[in-house]
Ligand code: HEM
Ligand SMILES: [Cu+2]
Ligand SMILES: [Cu+2]
């Protein structure tokens with residue numbers, strides 16, 4: 001974020017950023033091959049064949065299959081090569097590695113809230129360690145926003161009601177700008193953030209200094225008691241409710257005979273829209289918390305439920321980003 | 001058929017036939033309706049430009065100091081809505097399509113003359129209503145109306161604006177229908193499909209899109225209104241809806257709609273290039289079929305607007321591939337126009353300069369469209385000024401150059417007057433230079449990371465923004481100039497000959513301006529389109 005007067009190329013803070021720059025330049029080069037002749041020939045013809053010039057105009061072609069096929073097929077093959085390269089890069093940027101550290105992001109008009117696994121919270125600033133894959137697990141509290149890091153050449157929309165992900169592995173320490181890229185109302189242009197990429201030691205120091213006494217899961221446990229979840233789901237509960245231990249990642253049989261994997265989206269829906277997917281063998285007595293608990297609360301509760309143990313069926317934490325379950329593409 | 005229609009000289013022109021405002025407002029003559037459209041879209045164009053000027057002036061400084069944040073958001077919303085729906089979509093189809101298609105195919109009028117007039121009233125009525133709602137209600141959703149911002153979180157008269165756009169949509173549908181039926185039913189004897197000028201082919205393809213895509217917009221807008229008014233959950237997740245569904249529906253209309261805006265200009269281009277070259281187009285059937293190909297493939301690429309919206313990764317890969325396919329027919333056209341100049345007898349008039357402007361700007365706009373279709377690259381430049389530059393190169397640079405080129409080319413036919421070539425050429429050059437100065441810096445801005453729809457921005461973007469605003473001033477002068485010298489020509493311009501450009505085509509075989517029924521005797525067509533003499537070094541044989 002140095003204040004140069006004239007900057008014409010963005011900083012690059014990851015391998016991916018360099019790969020994108022390379023992609024852009026090679027595509028520019030290839031397109032130049034197909035476009036420059038158009039400009040040059042148009043001008044040449046316009047000069048040479050002006051009315052009255054003494055040049056041969058015999059054997060004017062009315063068209064030619066061969067010529068047409070040449071300018072259809074060659075550019076197409078050329079761009080397909082670049083297409084494959086870019087599809088691979090897109091696959092990579094959409095597929096977080098399993099060992100990425102996870103940071104929770106909640107967007108609302110007009111601010112960014114970040115929360116680290118250790119419970120550290122920050123607003124409009126994001127600290128990450130250099131050289132380590134980071135996965136942002138993101139959701140919006142209101143309208144659609146989009147988190148954009150130009151120096152990393154990536155962005156991803158944040159939707160209300162659905163988790164989306166963005167991952168990167170920064171290779172250069174420093175401070176970088178982040179923007180909201182999806183128009184979101186009055187102060188859209190004020191919805192900025194700063195990405196601070198630090199060495200692992202600095203990052204550790206920052207974590208310990210930023211005064212979080214409880215981890216994300218521990219904060220969730222507090223909410224779990226505060227909102228009375230334990231009254232039904234706790235060990236000594238009177239109401240008949242399923243135990244949440246070992247729920248995360250397990251396959252849950254539903255009332256209507258179908259079943260789902262209990263991933264993050266499922267747990268969110270269970271809290272905010274409990275009647276959407278009823279667990280088989282239980283009554284629909286759980287109240288909806290959609291007006292009581294915000295997205296950050298849901299994320300903490302989810303972390304707590306996850307800390308209660310993960311189920312047998314699959315490893316969604318590592319798995320779900322690679323193979324998005326159907327819930328991620330459908331409402 | 002090389003002689004002019006002799007009867008045409010004896011009949012009064014469509015302009016002189018009847019007098020008085022009433023005869024204009026109740027006319028069913030396609031030529032008069034075209035003039036009505038010309039006046040109204042010009043008015044909308046100036047209105048939209050006014051809003052754009054506000055935006056560009058605001059962006060001269062990094063701070064948001066001229067307008068309030070909401071004022072800025074309203075300005076670009078007004079600009080987008082007016083330019084897309086009230087200027088660009090009706091511009092060439094409703095003005096030149098109306099004026100020329102019946103003449104080009106040797107018909108007396110459009111198939112449904114009253115419907116034709118009715119669609120003009122829909123445009124003007126719906127347009128004025130929307131404008132009122134935009135100005136009075138302060139709608140700040142952007143022209144895209146993304147939910148849930150537009151349904152749950154925006155103040156203002158969103159529903160009224162949507163209703164206005166909905167009404168104008170019907171104007172588009174009816175115009176499209178009229179053109180399709182006219183081309184099918186009213187071609188003169190001997191005017192086979194492959195003897196039609198390419199302008200007719202491209203407007204036919206455009207009309208197919210108008211008729212098939214616009215209803216989807218209408219349904220989508222109705223759903224937004226229903227959610228807004230009655231709280232029926234369609235798009236809002238809190239009501240059990242899906243916000244991405246809106247984007248899918250919107251782009252299912254709006255990507256084809258971008259071709260509604262450019263295909264007609266491509267049709268104009270084929271006329272301008274051949275007339276300037278005094279030579280048949282190279283590869284007629286490739287240019288003709290490419291219009292249809294664009295219309296068909298254009299319906300299958302909408303997902304390229306949603307690469308980072310949360311759409312499935314594999315869907316994105318398919319949409320990207322299809323977007324490369326849709327570029328092929330556009331490329332075919334450009335290559336064929338270039339090849340048409342080979343061994344031509346070129347005259348360089350103002351309208352040819354507009355044609356060159358079109359080629360230059362369309363090629364850059366099209367190529368950058370491919371950059372955007374390139375998945376991983378789009379993840380970076382989506383929703384930045386790069387996208388803004390891309391679509392302005394095509395929609396403003398190229399499409400408006402097509403519109404102006406057509407205006408300069410057919411002005412003598414429409415009005416019977418010649419304008420000053422010198423001023424025409426100066427304006428064309430200013431538009432070309434001003435345009436590039438305005439929008440080229442925006443590619444750099446976008447790649448640097450400047451998001452679109454920003455009222456204020458970090459300081460290091462300022463230099464490029466100032467360049468862009470400077471260019472906009474030059475561009476504005478270029479756009480205003482024709483307004484003056486064309487109006488001037490109405491009074492002081494010399495009388496136009498029937499065929500001032502030595503061009504082929506039925507429209508040049510009737511008088512300038514044409515009589516009310518275009519041809520007193522239905523022409524018999526026994527010649528191909530663009531029938532120029534094989535070695536036309538000395539006028540027409
Ligand atoms: C040559 C074929 C074309 C391709 C491959 C192409 C590709 C694209 C892509 C991928 C985007 C999405 C960019 C993004 O939002 O990240 C886009 C945006 C856009 N394009 Fe094109 N395009 C082409 C031609 C056109 C034409 C002919 C027009 C208009 C006449 C046009 C108008 C637009 C508009 C209006 C947008 C942005 C809409 C918005 O977000 O407000 N494009 N184009
Ligand atoms: Cu925003
Ligand atoms: Cu598109």
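Some observations on this one:
- Spans of helices (runs of 4 or more DSSP H) in the range B:341-443 with at least 3 residues more than 10 Å from every other protein chain (Cβ to nearest Cβ): B:350-373, B:385-392, B:399-415
- Condition check for residue B:175 on (1) more than 14 Å from chain A (Cβ to nearest Cβ); (2) free of Cβ contacts under 8 Å to residues at least 60 places away in the same chain: one failure, at (2).
- Flag for residue B:256 being within 16 Å of ligand 3 (Cβ to nearest atom), buried (at least 24 other Cβ atoms within 10 Å of the Cβ), in contact (Cβ under 8 Å) with a residue 12 or more places away in the chain and at negative phi: yes
- Filter result for residue B:270 (modelled with pLDDT of 95 or more, surrounded by 24 or more Cβ atoms within 10 Å (Cβ to Cβ) and within 14 Å of ligand 3 (Cβ to nearest atom)): no
- Residue that is nearest to ligand 2 (Cβ to nearest atom) [pool: residues in the range B:237-271 that are within 14 Å of chain A (Cβ to nearest Cβ) and within 16 Å of the chain's Cα centre (by Cα)]: B:269
- Filtered by the rule that a residue be more than 15 Å from residue B:368 (Cβ to Cβ) and either in contact with a strand residue (DSSP E or B) (Cβ under 7 Å, 6 or more places away or on another chain) or surrounded by 12 or more Cβ atoms within 10 Å (Cβ to Cβ) (or both), the range A:23-37 gives A:26, A:37.
- Residue B:277 satisfies every condition listed in (1) crowded, with 22+ Cβ neighbours inside 10 Å; (2) away from every other protein chain (no Cβ under 13 Å); (3) over 21 Å from residue B:143 (Cα atoms) except (2).
- Being under 18 Å from the mean Cα position of the chain (by Cα) and crowded, with 23+ Cβ neighbours inside 10 Å is a property that does not hold for residue B:377.
- Test: residue A:94 is at pLDDT 85 or above and crowded, with 19+ Cβ neighbours inside 10 Å: yes
- Taking each residue of the range B:261-290 that is within 17 Å of residue B:398 (Cβ to Cβ) and free of Cβ contacts under 8 Å to residues at least 60 places away in the same chain and looking for partners that are within 16 Å of ligand 3 (Cβ to nearest atom) and in a helix (DSSP H, G or I) with beta-carbon atoms closer than 6 Å, six or more apart or interchain, yields B:290/B:329.
- Residues that are more than 20 Å from the chain's Cα centre (by Cα), more than 13 Å from every other protein chain (Cβ to nearest Cβ) and within 16 Å of ligand 1 (Cβ to nearest atom) do not occur anywhere in the range B:302-309.
- Subset tally (residues that are facing chain B (nearest Cβ under 7 Å) and more than 45 Å from the chain's Cα centre (by Cα)) for the range A:53-85: 5
- Residues of the range B:301-331 that are more than 16 Å from ligand 2 (Cβ to nearest atom), over 24 Å from residue B:364 (Cα atoms) and assigned to a loop (DSSP other than H, G, I, E, B): B:311, B:312.
- Number of the condition not met by residue A:126 [criteria: (1) under 30 Å from residue B:76 (Cβ atoms); (2) within 14 Å of chain B (Cβ to nearest Cβ); (3) assigned to a strand (DSSP E or B)]: (2)
- Filter pass, residue B:327 being more than 30 Å from residue A:139 (Cα to Cα), near ligand 1 (Cβ under 9 Å from one of its atoms) and at the interface with another protein chain (Cβ under 10 Å from one of its Cβ atoms): yes
The values are calculated or read from the model by the stated rules, or taken from the named source; none is laboratory data. Since this is a predicted model, take the numbers as computed values, not measurements. Every residue, glycine as well, gets a Cβ built from its backbone with ideal geometry; the counts of neighbours run over all protein chains shown.
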